[in-house]
Amino acid sequence: MTAPLGHLVTLRNSTLFVSTYLFPAVGFPLLTYGWWRSSGSWPFVAVVMGVPVLFGYLMPAVATHLVKRWRFTTGPRIGSYYVHHGFVYGSKLAFVLFLVVRSLASVRSAFDVASVVLVTGAATAFGGWWHDTQAVRAGKIEVDGGIDALMSFAPATYFAMGATYAGVTLGAHSVLALDGAAIVWVFPVGLATMCVIPSLVFLAVDPPTRRVLRGRLFRRAYRAV
């Protein structure tokens, strides 16, 4: 390995460490405080920070344990994904949206909402694609089919994830700003929306996953006969 290449590998590994471990540990509490200062509403903070955390545990669990499309190979894990996986998602999604929105009071028109949704989706797509590509090259994530397979589903799925999160968050703010008690239904609706829309996009762009799920459903139906 030449010296320049060795430096690039070191830089890549350091960046992945910051992204996977350091940023969630430092960023999550800071973003929680930042969103509270921005909104002044703890029910809203529960949605903007809590929904992506639960999403980040539920959907990767399905992808790694049920579908088994990819797996993580390093760090403390629950099966094939990180112990702190939800906080990785929560901190990064909240960070991107915080940079895009800047001020919730400035989001007033339908054009403002659409702009936030699209920009958040695009930024999440790029960030997720870049991180996962580097992680696959470093051997920290194993994907069936390698980087070519990752490129077939990651950009669209991450875009849907970021865009849906932005829409859920803005919708939650519009409701909770008037009635904080509405958290009892806003949170589960937001979580369900976060789980369903990106999953449908993932299924639409990833034929191998569709085949796996069809096979499981067929075998289950066959055993039930």
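Structural remarks
- Gain on full stretching of the segment that runs from Phe111 to Leu213 - 0.36 nm per residue minus C-alpha separation: 32.9 nm
- Only Cα sites of the chain enter the Debye sum here, all with the same form factor; the resulting log10 I(q)/I(0) across q = 0.10, 0.12 1/Å is -0.49, -0.69, listed in q order.
- Candidates Ala156, Ala172, Ala204: whichever shows maximal mean-square fluctuation once the chain is modelled as a Gaussian network with Cα springs under 10 Å: Ala204
- Virtual spin-label span in nm between Arg102 and Ser152, 7 Å along Cα→Cβ: 4.1
Readers should treat all values here as calculations from the given coordinates under stated rules, not as data from a laboratory. Predicted, not measured: the structure shown is a model, and the values here were computed from it. No Cβ is skipped: glycine too gets one built from the backbone with ideal geometry, and neighbour counts run over all protein chains shown.
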